[in-house]
Amino acid sequence: MPALRTLVTGSAGHLGEALVRTLLEAGHQSVGIDIKESAFTDDVGSIADRSFVKHCMRGVHAVFHTATLHKPHVATHTRQAFVDTNVTGTLNLLEEAAGAGVGAFIFTSTTSVFGRALTPAFPAPAAWITEEVAPLPRNIYGVTKAAAESLCELFHNLCGLPCLILRTSRFFPEPDDNQKIRESYDDTNAKINEFLYRRADIEDVVGAHLLALEKAHAIGFARYIVSATTPFTCDDLQELRTDAAAVLGRRVPSYEEVYKRRGWSMFPGIDRVYVNDRARNELGWRPRYDFAHVLDLVRAGEDPRSPLARSIGLKGYHAGTFANGPYPVE
């Protein structure tokens, strides 16, 4: 890929920083923007400010739009703030990108857009989540990310702007946002479990974004689920809901020795499985950090995180802590 001038929004965040680091190492010129100062932020400002966006878009060949208000902000920010950042900010970027003749727009969305589709009523089988599943957002975060996706599709249809949407699963290193999970499982145990169905390493997430940029012009518009490759199949969905350990014992029997040695346990049940087939088939994405790989790292006594994940470390979502821990109650 020839050297490009890329605009990365949210450059002080986990993925934004990871993209800027990787792009610079690959010889590209990257312009990072964020509302917070950081070592990877060139211009400080809000994407809700149209004039700021217009200024930052000059000379840009491609946009990686990662800036967002996240799910942990639902209890601390107004719904209007979510609309301002996640919808108006995306609209500003799309309009300025189209006006500037930008060659590709890569939008970081979230599997949270699926919302209520992720949690079928017990004891129904676990949900098999592909791009064909209709989103049913459950909060303002999911609503605004789904709306931003629709704006991307609109600008592709109206202006021919190549727009690829990556619906990423969890990759944050912070403690789980579910208090019960935090209290019941070792943090690494919980995260390793999630590689089976709802987590990816940030190194692989960055790889998916770079492949999306490479193939955006040829593809035009598409949505992709970006999550570690699951060892499960559709045949496992009913039992996964009630006895995930039994299913895992058949699919990856070597896990039992590692978990026993560490004093870990599998979740009793799993309610959804993210399927990355389309990203692997159409983008040529080959995520390295799946359950088997991170299990091998744990078995060898190594850190299961990628070097990139370790370099970025913890960032948090709020300036302080709350009565019930690192996250406020919605």
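Here, each number is a calculation from the coordinates, and none is a lab measurement. Nothing here was measured: the structure is a model prediction, and the numbers come from that model. Please note: Cβ atoms are built from the backbone with ideal geometry, for glycine as well, and neighbour counts cover all protein chains shown.
Here is how the numbers come out for the structure above:
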| read-out | value |
| --- | --- |
| Separation between Cα centres of region 140-162 and region 1-15, rounded to whole Å | 20 |
| Antiparallel content of DSSP bridges confined to the chain, in %, to 5 | 5 |
| Only Lys, Arg (+1) and Asp, Glu (-1) charged, at Cβ; region 111-230 dipole about Cα centre in debye | 360 |
| Footprinting exposure proxy for Glu153, Glu302 (fewest neighbouring C-beta atoms within 10 Å first) | Glu302, Glu153 |
| Euclidean distance between Cα centres, region 208-262 to region 86-107, Å | 31 |
| Footprinting exposure proxy for Lys36, Lys180 (fewest neighbouring C-beta atoms within 10 Å first) | Lys180, Lys36 |
| Rounded if a/c under 1.5, otherwise prolate or oblate - region 26-65, Cα gyration tensor axes | oblate |
| Placed amide H near Tyr327: partners under 5 Å, 5+ positions off or other chain | Phe322 |
| Contact order relative to length of the chain, as percent, for alpha carbon pairs under 8 angstrom and 6 or more apart | 18 |
| Kirkwood hydrodynamic radius of the chain, from inverse mean 1/r over distinct Cα pairs, in Å | 20.4 |
| Dipole magnitude of region 5-304 about its Cα centre (Cβ charges: Lys, Arg +1; Asp, Glu -1), debye to nearest 20 | 380 |
| Lys/Arg +1, Asp/Glu -1 at C-beta; region 5-304 dipole; positive extreme among Gly32, Pro268, Val133 | Val133 |
| Exposure proxy order (Cβ contacts within 10 Å, fewest to most) of Leu24, Leu4, Leu164, Leu248 | Leu24, Leu4, Leu248, Leu164 |
| Computed [θ] at 222 nm, deg cm²/dmol, the chain (DSSP H ≥ 4; -39,500 (n - 2.57); rounded to nearest 500) | -11500 deg cm²/dmol |
| Unit charges at the beta carbon, dipole of the chain: most positive-side option, Leu23, Leu308, Ser227 | Ser227 |
| Viscosity 0.890 mPa s, 25 °C: Kirkwood-radius Stokes-Einstein D of region 208-330 over Cα pairs, µm²/s | 140 |
| Under Karplus coefficients 6.51, -1.76 and 1.60, residue-wise ³J(HN,Hα) of region 242-251 in Hz, glycine/proline x | 10, 8, 4, 4, 5, 5, 5, x, 7, 7 |
| For region 174-214: rounded, prolate or oblate by the Cα gyration tensor [a/c cutoff 1.5] | prolate |
